[in-house]
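In what follows, a structure is listed as structure tokens, so that the remarks can point back to it.
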Amino acid sequence: MFELLKTSASSAARRGKLTTAHGAVQTPVFMPVGTQATVKSLTPAQVEETGAQIMLSNTYHLNIRPGADLIESFGGLHGFMKWEKPILTDSGGFQVFSLSKLRKIKEDGIYFSSHLDGSKLFLSPESCMEIQMKLGSDICMVLDECIPYPSKKDFVETSTDRTIRWAKRCLEHADKIGLPERNRLSFAIVQGSNFEDVRARCAQELSALNFPGYAIGGVSVGEPEEEMLLQVAASAPHLPQDKPRYVMGVGTPVQLLKMIALGADMFDCVMPTRLARHANAFTKDGVLNLRNAKFAADKAPLDESLLNYTTNFSRAYLRHLVMSDEMLGCTLLSIHNIHFFQDLMAQARSHIESGDFETWSTAWISRYNSKEA
RNA sequence: GGUGGGGUAUCCAAGUGGCUAAAGGGCGCGGACUGUAAAUCCGUUCGGGUAACCGUUCGCCGGUUCGAAACCGGCCCCCACCA
């Protein structure tokens, strides 16, 4: 269930609390991504230390390997990976986009050939919910079709209608297999590409189905940032005020703040962890590429105002780890980057509560964009 | 001392007469990354110039040739085996 604690007066920003079977999540929230039942390079304890309240995992990948039945036999993902906080699982709808050459879509579902060995995997709205139940997911995403940008409008309409039909089937099947009784939440996903009218209609039709939560999908698929924000703005107002809104797969720190102002509550993105493995560190003054020679003898920590385990180390040492391809570099930078996102969300929550979110956010963005650390 | 192999740019390495400032890698330098087929991918890497182009390179010295990293002679060095 979702509780709206405070709504901003000068924007659509909201402060809320989402309760799941594994505890409460304070929103706005950023969820680190652990596709393969691991936030890459981090132990669950390290993920927790960053302030993460909930993490993401993936139906398609885990069903292919090691398999949903196996994970279920370990007590679901929580027991398998030893993470006791909430878990949200993506449905595999994003793999429609990212593995587009390896799948076929039909009305009954998605036919994948495994990217690992070519073996067949059929994901229907129903099987998708069953797999997520076996995974023990606290928040199960409906099976959707994440389409590329740009797409032609008639295709977008056709695809979005199918996504809506599938959402309905997911919800019915969730009821049938008993997800709600176990306090497992199902979220529907708004599609519609870059067509505001399709977005609005999709959001309205899904809202009528009374899901426990809603997501805005099909963004960050290569469109310009302005378009992304426009589509979030075109979707969010048509979703129920008293349900959480999750923008899938985003974003940069600035995008998160702008989307919070548009009424978004939840986000996930591989950006902090992927950029960490690629030697980039987030700071209040922008992103640092630690491979740059200018950090070779830099004694400063990444961000002196952000205190976490990584703060103990100099930029020079972190650069050395990165240049030497040492695993610890991935770990330390991942700790830092996720903590940076968590800290940003904590500040956002606090400023929504105190009523000055918009002015704080504007100043924060301006500093982030203006300088180079 | 003998026999065989070898010395190519910052490193490894291809190249045996012109299409070679010289393939490929690596290192370095820079960039990208958004519900993770990603500890990945892309660019760049002799000096000068925006460029056309100019200058200097393939152990060293000399020679053959219109033309050489490549052919010939001498020298220096490295490796393996044999004495």
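On the stretch given as the range A:269-314, residues that are near RNA strand B (Cβ under 10 Å from one of its atoms), within 25 Å of residue A:33 (Cα to Cα) and in a helix (DSSP H, G or I) total 7. Would you be able to say whether some residue in the range A:29-36 is out of contact with any helix residue (DSSP H, G or I) (no Cβ under 7 Å at 6 or more places or on another chain) and either surrounded by fewer than 21 Cβ atoms within 10 Å (Cβ to Cβ) or not in a loop (DSSP other than H, G, I, E, B) (or both)? Within the range A:29-36, one or more residues are out of contact with any helix residue (DSSP H, G or I) (no Cβ under 7 Å at 6 or more places or on another chain) and either surrounded by fewer than 21 Cβ atoms within 10 Å (Cβ to Cβ) or not in a loop (DSSP other than H, G, I, E, B) (or both). Taking the criterion of being of a type in the set (Ser, Thr, Tyr), at pLDDT 95 or above, closer than 15 Å to residue A:283 by Cα and out of contact with any Lys or Arg (no Cβ under 9 Å at 6 or more places or on another chain), the only residue of the range A:358-372 that qualifies is A:366.
Please give the strands (runs of 3 or more DSSP E) falling wholly within the range A:66-172 in which 3 or more residues are closer than 29 Å to residue A:2 by Cβ and either within 14 Å of RNA strand B (Cβ to nearest atom) or not aliphatic (A, V, I, L, M) (or both).
Details: elements: A:87-90, A:103-106, A:109-113, A:120-123, A:139-141.
Passing ranges, in order: A:87-90, A:139-141.
Of all the criteria given as (1) touching a His at 6+ places or on another chain (Cβ under 7 Å); (2) farther than 15 Å from residue A:270 by Cβ, the one not satisfied by residue A:92 is (1).
The values are calculated or read from the model by the stated rules, or taken from the named source; none is laboratory data. These numbers were taken from a predicted model, which means no experiment stands behind them. Here Cβ is always computed from backbone atoms with ideal geometry, including for glycine, and neighbour counts include all displayed protein chains.
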